[in-house]
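First the structure, in the form of structure tokens, and then the observations on it.
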Amino acid sequence: TKVILNEPPKLKDMLLSMKQELAYCEETIGAISDPAAQDREAVCVNAKAQVRKLLCDKGVQDKVAKGELLVVAGFYDIGTGVVDFMDVPMAIGDND
């Protein structure tokens, strides 16, 4: 966290927010022995968190309700070219 606090304000805020989102699943990620799988899980948790944040915005909510916008979370595997789309429970920890 000390390193994060020395970053420029916008980057610092983004990193602290990501750190907070990842904190609730730290035990789960820590239980994964494969570093690549740990990274994937962290990226997926972050993608879901960003969707939740977007869906809290009134403007985004209005466009989603009108069918003008679809907000999804996905993971692109650069090695395979495969995109995995994820369900995003609105409450943290619900089938996350």
**Message:** Residue by residue through region 21-32, what is 3J(HN,Hα) from phi via Karplus (6.51 cos²θ - 1.76 cosθ + 1.60, θ = phi - 60°)? Round to whole Hz and write x for glycine and proline.
**Reply:** 5, 6, 4, 5, 10, 4, 5, 5, 5, x, 7, 7
**Around ASP34: net Lys/Arg minus Asp/Glu count, Cβ-Cβ under 14 Å** = -1
**Request:** At a Cα cut-off below 30 Å, give the lysines reachable from LYS19, other chains included and same-chain residues fewer than 8 away excluded.
**Result:** LYS2, LYS10, LYS48, LYS53, LYS58, LYS63
**Prompt:** What does the accessible area per residue of the chain come to in Å², with a 1.4 Å probe and no ligands, DNA or RNA counted?
**Reply:** 72
**Request:** Quote the convex hull volume per residue of the chain, based on C-alpha atoms, as a whole number of Å³.
**Result:** 137
**Complete:** Phi angles of region 34-48, converted by Karplus (6.51 cos²θ - 1.76 cosθ + 1.60, θ = phi - 60°) into ³J(HN,Hα) in whole Hz with x for Gly and Pro, give 7, x, 5, 5, 4, 4, 4, 4, 5, 5, 5, 4, 5, 4, 5
**Prompt:** Which whole-Hz couplings ³J(HN,Hα) result when phi for each residue of region 5-10 is put into the Karplus expression 6.51 cos²θ - 1.76 cosθ + 1.60, θ = phi - 60°, listed in order with x for Gly and Pro?
**Reply:** 5, 8, 6, x, x, 5
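The values are calculated or read from the model by the stated rules, or taken from the named source; none is laboratory data. What you see is a predicted model, and the numbers here were worked out from it, not measured in a lab. Backbone-built Cβ (ideal geometry, glycine too); neighbour counts: all protein chains shown. The accessibility values were calculated without ligands, DNA or RNA, using every heavy atom of the protein model including side chains. Shrake-Rupley method; radii C 1.70, N 1.55, O 1.52, S 1.80 Å.
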